[in-house]
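Report on the structure given below.
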Amino acid sequence: MAGFTFEEMWEKIMACDQTYDGLFYTAVKTTKIYCRPSCRSRKPKKVNVEFYATMEEAESKGYRACKRCQPETERTPNEEVTRQVMAFLAENHKRKLTLDEVAAHVGLSPSYLDRIFKEETSETPRVFLEKIRVDKAAHLLEHTDYTNLEICFEAGFQSTSHFYKAFRRLKNLSPSEYRKMMKELLYEDDNRRQLLANSYSS
């Protein structure tokens, strides 16, 4: 599924992130329905969720399409090319990629690909790849003890200066500030849960 972990995909569906539509599908065991990541329906319990790379795979397991987000709606040729490019970028985010290489993957000229991708997503392939890398870095900052340097290269950035600039531009925080904020939020959440548990036990 384009190299995403369960936790990363869970974060995207909780955020209703439209950027990841077409890269994977959320299936809910209790309702037997599958959705796009951006679906605005009420969120299921984490334990009831499975993820599938394709609609066909979800349907083969007995799931049916959500009537709200309609993941099975037929795509235009440009939408399909864009989805293929997004998947290619996500799967290869650790590598140094050129627009020529991405365009060759879908059999189009670089300039034409750049234009239709921007028409469909309002972003260029380069900007989308940068967003994937920043999202990967944010996940690693929150869930691992890797250093900023380790995360920079693990996420696919070729230089630390580019990593810091891109991360601040998209998250409005430096990597270190982001990690500190997420730890503080986790600490506050743990305290709230403990207070709630104590109130029930008293």
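The values are calculated or read from the model by the stated rules, or taken from the named source; none is laboratory data. Since this is a predicted model, take the numbers as computed values, not measurements. Quick reminder, even Gly has a Cβ in these numbers, built from the backbone with ideal geometry, and neighbours come from all protein chains shown.
Structure data summary
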{"quantity": "Answer residue from the range 1-32, given it is of a type in the set (Gly, Ala, Ser) and surrounded by fewer than 16 Cβ atoms within 10 Å (Cβ to Cβ) and is farthest from Val47 (Cα to Cα) among those", "calculated": "Gly3"}
{"quantity": "The range 175-190 residues that are surrounded by 11 or more Cβ atoms within 10 Å (Cβ to Cβ), paired with ones that are among the β-branched types (Val, Ile, Thr) (beta carbon under 9 Å, 6 or more apart)", "calculated": "Pro175/Ile151"}
{"quantity": "Ala87 being touching a residue at least 24 places away in the same chain (Cβ under 8 Å), among the aliphatic types (A, V, I, L, M) and either in the same structural domain as Leu140 (by TED's automatic domain parsing) or at positive phi (or both)", "calculated": "yes"}
{"quantity": "Pairs where the first residue, in the range 108-119, is touching a residue at least 40 places away in the same chain (Cβ under 8 Å) and the second is of a type outside the set (Lys, Arg), C-beta under 8 Å, 6+ apart", "calculated": "Glu119/Asn78"}
